[in-house]
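See structure below.
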Amino acid sequence: LCLGRMMVGVRSFQGAALVFACRFVREHEMTWAEAFGFRNRPGRALRLSALAVIIFFPVGQFFQLLSVTLLTWLHLDPTAQSAVEVLRGAGRGLGLMSFGLLTVVLVPLAEELVFRGILYPAIKSAGFPRLALWGTAVFFAVIHFNLAAFLHLLLLALLLTWLYAQADN
């Protein structure tokens, strides 16, 4: 039951994000490649992304551990994100595979389209570059509704925004 609810929620949010992205592209009379820079320096984007993964993984793990330690010290419960909990208890089979595919492919794609593809450039081009950077990063971390993951999600959002700005992709 929980897996089913989670899948409906994931599909709803990501579906809305994709509809939002489609409207954005259509209203600006652009192609997806133009709107999101898919053709802009793809080699550079891949190299920077690979380097970022190598650097961020241990740093992110450290900040996750730091957050859990701090929350435990403050006598707060450092629970995992609900999607992680559902994935752990999903068992095996088609349900697990479907939910895994949604959470590993569709969710990040929709989040990137909305946060780095639409919100960040729109706020930045409106003349608010710091708000674009910090506002979208904080919002990204907050929507995951997990205090233990907040710090490393904030850092991840800042890194992803930096990558987007460096590669224009």
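The values are calculated or read from the model by the stated rules, or taken from the named source; none is laboratory data. As the structure is a computational prediction, the values presented were derived from the model and not from experiment. Methodologically, a virtual Cβ is constructed for each residue, glycine included, from the backbone with ideal geometry; neighbour enumeration extends over all protein chains shown. For the accessible areas, the whole protein counts, side chains as well, though only heavy atoms, and no ligand, DNA or RNA atoms are used. Shrake-Rupley method; radii C 1.70, N 1.55, O 1.52, S 1.80 Å.
Details
- Summed over the range 30-81, residues that are among the charged types (D, E, K, R), open to solvent by 100 Å² or more (accessible area, probe 1.4 Å) and more than 20 Å from the chain's Cα centre (by Cα) total 4.
- Tally, over the range 82-93, of residues that are surrounded by fewer than 17 Cβ atoms within 10 Å (Cβ to Cβ) and either modelled with pLDDT of 70 or more or touching a Ser or Thr at 6+ places or on another chain (Cβ under 8 Å) (or both): 1
- Counted residues, the range 40-80 - those being in a helix (DSSP H, G or I), within 15 Å of residue 164 (Cα to Cα) and touching a residue at least 12 places away in the same chain (Cβ under 8 Å): 6
- Flag for residue 27 being open to solvent by 60 Å² or more (accessible area, probe 1.4 Å), among the acidic types (Asp, Glu) and at pLDDT below 70: no
- Restricting the first member to the range 86-111 and to residues that are closer than 21 Å to residue 141 by Cα, and the second to residues that are open to solvent by 50 Å² or more (accessible area, probe 1.4 Å) and at pLDDT 70 or above, the beta-carbon pairs closer than 7 Å and six or more apart or on different chains are 110/18.
- When residues of the range 129-161 are limited to those that are open to solvent by 20 Å² or more (accessible area, probe 1.4 Å) and not hydrophobic (A, V, I, L, M, F, W, C), the one farthest from residue 71 (Cα to Cα): 129
- Candidates 122, 167, filtered to the one that is within 22 Å of residue 49 (Cβ to Cβ), hydrophobic (A, V, I, L, M, F, W, C) and open to solvent by less than 60 Å² (accessible area, probe 1.4 Å): 167
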